[in-house]
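Report on one structure; see the data block that follows.
The values are calculated or read from the model by the stated rules, or taken from the named source; none is laboratory data. The structure presented is a predicted model; accordingly, all values stated were derived computationally and were not measured. Cβ placement follows ideal geometry from the backbone for every residue including glycine, while neighbour counts extend to all protein chains displayed. Side chains included, ligands, DNA and RNA excluded: accessible areas come from the protein's heavy atoms. Shrake-Rupley method; radii C 1.70, N 1.55, O 1.52, S 1.80 Å.
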Amino acid sequence: MSDATVDPRFRRKPPKRPLRLSWSDERVRGIVYQVLVVALIGSVIYWLWSNTVHNLEVRRIATGFGFLNREAGLPIAEHLIPYDPTDTYLRALTVGVLNTLKVAVVGIVLATILGTIIGVARLSKNFLVSKIAAFYVEVIRDLPLLLQLLFWYTVMQGLPGPRQALNPVEGVFLSNRGLKLPWIVWEPAHTAALLACVVGIVLTWLYARQARAKQYADGQPRKVWPAAVALVIGLPVLTWQVMGAPWQGDWPALRGFNFQGGVNVSPEFAALLIGLVTYTAGFIAEVVRAGILSVSHGQWEAAQALGLRHGSVLRLIVMPQALRVIIPPLTSNYLNLTKNSSLAVAIGYQDIVSIANTTLNQTGQAIEGIAIIMLVYLTISLSISLFMNWYNARIALVER
Amino acid sequence: MSDITANTPAIPEQRARSAPLTAVGPIAWMRANLFSGWLSTAVTLVCGYLIIRAVMGFVDWAFINAIWSVPIGPNGIAQTQACRDLHGTGACWAVVTEKHRFMLFGTYPYEQHWRPALVCILFVALYIVSAMRRFWNWTLIPIWIGTLTAIGVLMWGGVLGLPYVPQERWGGLPITLILATFGLAFAFPLSILVALGRRSNLPAIKVLCVVYVELIRGVPLISLLFMASVMFPLFLPEGMNIDKLLRAQIAIILFAGAYLAEVVRAGLQSLPKGQYEAADAMGLSYWQKTTFIILPQALRTVIPPLVNTFIGFFKDTSLVLIIGIFDLLTAGKTAIVEPAWQGFGVEVYVFVGLIYLVFCFAMSKYSAGLEADLNKHRRR
């Protein structure tokens with residue numbers, strides 16, 4: 001409500017009553033209660049803290065983060081940055097954080113795709129499809145995630161050994177050592193092409209913005225897709241060609257007792273990823289379904305009456321409205337997936353929890369170890385919610 | 001309208017026609033729901049094929065090719081060669097037949113197993129009674145206190161001629177039910193206080209509640225469990241020690257309290273301001289207003305999300321596996337550590353999963369029914 005419509009009498013502040021030192025004064029009571037609660041909690045914290053200090057002294061545990069610069073000596077199978085057991089604890093923990101981020105990012109992307117498919121399938125007019133999706137959602141959501149993770153890990157371990165590995169397609173091997181996929185020998189040209197692709201996307205975005213501004217100005221729609229194709233696909237390909245177009249496959253092959261070459265998806269990572277993705281997808285499916293159902297039928301009909309094509313109706317009318325309902329609960333599902341990735345410790349994938357846990361067992365630095373775990377997750381949680389809140393605010397319905 | 005009908009030739013008298021067969025009945029239903037177009041038909045055929053394959057494969061594995069029991073060797077070790085010879089084409093339910101007592105009750109003394117079994121029955125009875133709306137009044141409080149006391153007596157023993165069983169030997173399903181039920185019983189009142197605190201006008205109390213909720217919700221449960229198992233002993237004065245199960249229980253209460261508090265807060269927020277103002281106008285004190293006017297209405301609106309939170313929280317008790325507490329899932333995982341049973345994890349997890357599924361599915365159906373019931377007044 002704008003200020004002009006407010007009765008001027010109500011704009012004046014209520015008269016300030018003097019603070020009476022009496023129990024019947026609400027403000028006095030409030031202050032007393034707050035002082036009591038804060039004093040109580042403060043004394044409990046002080047008590048716990050003094051106990052801790054005493055216990056640490058008795059057990060001769062030095063506090064502080066000095067241990068981070070000591071040699072870790074713990075082997076880590078999967079690392080995105082170079083790592084050696086002789087490196088420091090700090091580096092080991094960084095590897096752990098990166099492993100957590102790796103599974104969280106891949107998991108969020110895959111869970112969103114799978115969840116959207118299942119959510120839409122649940123709304124299908126086809127009886128079988130909607131019932132399969134409903135059955136999936138019901139079962140997945142009623143089983144503990146840890147049980148599912150252990151199940152997938154057991155299934156992974158039950159796969160045959162490298163010599164009898166399943167070989168569904170040429171170059172792909174599935175065994176109890178994990179999934180082996182062919183890859184290409186990475187050369188600077190590929191990095192350059194990747195960069196060119198990013199540049200292309202940015203340029204396309206700028207171009208689309210400009211095109212839209214021009215359309216607003218003169219009403220003429222402009223085709224964006226030819227420029228998009230040229231920038232996003234053409235530019236990287238051109239860069240790659242100019243730099244010599246290297247293309248050498250790196251095919252996995254069985255040598256001795258294990259596979260050489262290709263990329264490896266470890267069984268731990270695969271089990272964690274499958275578990276997290278299938279579990280979270282069950283929840284995302286419900287969010288997507290609720291979002292689509294929230295758009296009233298009249299919106300579809302009105303859009304069709306305007307003569308819009310099906311794709312345009314979906315893109316311009318339905319999705320923006322459904323997204324408003326979908327985004328906030330989707331955010332909490334992303335947060336849950338990230339936090340749930342901490343269960344990796346149960347199946348031996350070395351994420352931050354697993355590595356911090358080993359660290360605190362080796363060094364005895366329990367407080368620091370757990371503080372690191374909590375700090376990492378708080379940072380990740382806050383970043384995701386900040387980003388999603390920003391996105392949510394962008395797409396939210398602007399009302400008066 | 002009348003002009004047109006007047007000019008059209010009269011329709012010759014006809015017998016009333018029966019409804020076309022293609023509009024009602026099973027065939028019409030199939031046409032509408034399974035074969036409404038070429039795409040739909042193709043999808044139906046593919047899905048139908050996949051379902052039949054999957055169901056037949058499962059039946060083959062779980063029933064036809066399955067082995068239900070194996071001979072026990074002279075040294076007390078099961079002879080699982082027959083199971084291994086199946087090479088995964090059939091389930092080895094023998095591991096469940098052989099180990100189900102261990103999975104359900106852990107290392108509780110074997111001849112005393114009737115006690116944890118009775119405890120599980122008491123818990124289920126308690127849930128059923130609490131779910132009946134007839135008992136949604138003050139009688140529920142003595143029922144809960146009485147049942148929980150009986151459960152404590154049964155588990156520990158030491159009185160009424162029952163031999164004493166130390167807490168270290170408890171395990172399996174009773175642990176899962178104890179963690180979930182006691183967690184809930186303490187987390188719920190805590191969550192109400194925190195939710196009220198978060199809505200309070202007193203800044204210090206509000207800040208404390210916000211920090212508590214956000215801190216707990218921002219970190220994974222297992223970091224709290226680690227805290228309970230590793231850091232808690234450091235917090236307490238020397239010589240004073242509380243056992244692992246209680247520490248995990250405290251962590252679970254704190255965790256559930258934060259999540260439930262948000263649900264309750266949503267309920268408090270959904271109440272129209274007029275309710276607060278009317279209560280104030282009546283001259284009620286804060287606690288009178290809260291207990292008689294606000295909470296009954298707020299809690300009623302959030303019963304379905306509360307039940308959903310309970311489900312999530314029942315499942316999350318399985319995380320105590322990570323700090324080595326012997327709940328249902330830990331017992332299942334331990335059962336397959338024995339060399340004879342190694343490699344039959346899938347069967348064990350299916351069995352344990354079924355137990356969780358029964359509890360959670362019952363709760364989720366109940367929640368859906370309740371939601372429909374409570375929203376009757378909103379339906380037109």
Notebook entry, point to check: So for segment B:279-380, taking the charge dipole from beta-carbon charges (+1 Lys/Arg, -1 Asp/Glu), which of B:Pro339, B:Tyr366, B:Met282 sits furthest toward the positive end?
Noted result: B:Met282
Checklist line | Added length on full extension, which subtracts the Cα-Cα distance from 0.36 nm per residue, B:Met240 to B:Leu271 | finding: 6.6 nm
Item checked: Local electrostatic count at A:Leu323 - Lys and Arg +1, Asp and Glu -1, tallied over other residues with Cβ under 13 Å -> +3
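Find the all-direction average of the projected area of the Cα convex hull for segment B:181-247, expressing the result in square nanometres with one decimal place.
Numbers: hull surface 22.5 nm².
Mean projected area for segment B:181-247: 5.6 nm², to one decimal.
Stokes-Einstein at 4 °C, 1.567 mPa s, Kirkwood radius from Cα pairs: D for chain B in µm² s⁻¹? Before the final figure, lay out each step's value.
Values: Rh = 25.8 Å.
Calculated translational D: 50 µm²/s.
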Check: Which of B:Val348, B:Met132, B:Cys92 sits farthest toward the positive end of the charge dipole of chain B, with +1 on the Cβ of Lys and Arg and -1 on the Cβ of Asp and Glu?
Finding: B:Met132
Item checked: Spatially proximal lysines relative to B:Lys365 (Cα-Cα < 23 Å; intrachain offsets below 8 disregarded) -> A:Lys131, B:Lys315, B:Lys376
Notebook entry, point to check: If the chain between A:Arg27 and A:Val224 were fully stretched, how many nm would it gain, using 0.36 nm times the residue separation less the Cα-Cα distance?
Noted result: 64.6 nm
Check: Which one of A:Ile76, B:Trp61, A:Ala230 has its Cα pushed farthest toward the positive end of the charge dipole of the protein assembly as shown, where Lys and Arg give +1 and Asp and Glu give -1 at the Cβ?
Finding: A:Ala230
Next item on the list: For B:Lys289, list the aspartates and glutamates whose Cα falls under 17 Å from its own Cα; do not include residues on the same chain fewer than 8 positions away.
Entry: A:Glu26, B:Glu277, B:Asp280
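Show me B:352-361, B:153-162, A:284-293 ranked by packing, highest mean number of other Cβ atoms within 10 Å first. Intermediate results must be reported in sequence, preceding the final value.
Working: B:352-361: 18.5, B:153-162: 13.3, A:284-293: 20.8.
Descending mean neighbour count gives A:284-293, B:352-361, B:153-162.
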Next item on the list: Quick one, can you get me the convex hull of the C-alpha atoms of the protein assembly as shown expressed as volume per residue in Å³?
Entry: 317
Next item on the list: Report, ordered by chain and residue number, the aspartates and glutamates lying within cross-link reach of B:Lys99, taken as a straight Cα distance under 17 Å and ignoring same-chain residues fewer than 8 apart.
Entry: B:Glu111, B:Asp327, B:Glu338, B:Glu347
Check: What average number of partner chain Cβ atoms lie no more than 10 Å from the Cβ of the residues making up A:56-62?
Finding: 1
Margin query: If you average the C-alpha positions of segment B:230-249 and of segment B:107-131 separately, how far apart do those two centres end up, in angstrom?
Written below: 27
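Give me a single rounded figure for B:31-37: the average over its residues of other chain Cβ atoms within 10 Å of their Cβ. Before the final figure, lay out the partial values.
Values: counts 0, 2, 8, 5, 1, 2, 2.
Shielding by partners across B:31-37 averages 3.
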Note to self: Quick one: 3J(HN,Hα) in Hz for segment A:196-203, Karplus 6.51/-1.76/1.60 with θ = phi - 60°, rounded, Gly and Pro as x.
What the structure shows: 4, 4, 4, 4, x, 5, 4, 4
Note to self: Suppose every Lys and Arg Cβ carries +1 and every Asp and Glu Cβ carries -1, with no other charges. What dipole size does the protein assembly as shown come out with about its Cα centre, to the nearest 20 debye?
What the structure shows: 2560
Item checked: Cα centroid separation, segment A:241-269 to segment B:274-293 (Å) -> 70
Next item on the list: Would you kindly find the accessible area of B:Met132, with a 1.4 Å probe and non-protein molecules such as ligands, DNA and RNA excluded, rounding to the nearest 10 Å²?
Entry: 70
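Take the alpha carbon gyration tensor of chain A, find the square roots of its eigenvalues, order them as a ≥ b ≥ c, and report rounded if a/c is under 1.5; if not, report prolate when a/b exceeds b/c, else oblate.
Numbers: a/c = 1.79, a/b = 1.07, b/c = 1.67.
Here chain A falls in the oblate category.
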Check: To the nearest Å, what is the center-to-center distance of segment A:117-152 and segment A:306-367, using C-alpha atoms only?
Finding: 18
Notebook entry, point to check: What dipole magnitude, in Debye to the nearest 20, does chain B give about its Cα centre under +1 on Lys/Arg Cβ and -1 on Asp/Glu Cβ?
Noted result: 980
Margin query: Restricting the calculation to Cα positions, tell me the Rg (one decimal) and the Dmax (whole number) of segment A:153-234 in Å.
Written below: 22.7, 67
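Quick one: pull the percent of accessible area on segment A:213-274 belonging to carbon and sulfur, 1.4 Å probe, ligands and nucleic acids left out.
On the way: 2610 of 4060 Å².
With neighbouring chains kept in place, the figure for segment A:213-274 is 64 percent.
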Notebook entry, point to check: Can you list the cysteines of the protein assembly as shown that have no other Cys Cβ under 4.7 Å away?
Noted result: A:Cys197, B:Cys47, B:Cys120, B:Cys209, B:Cys360
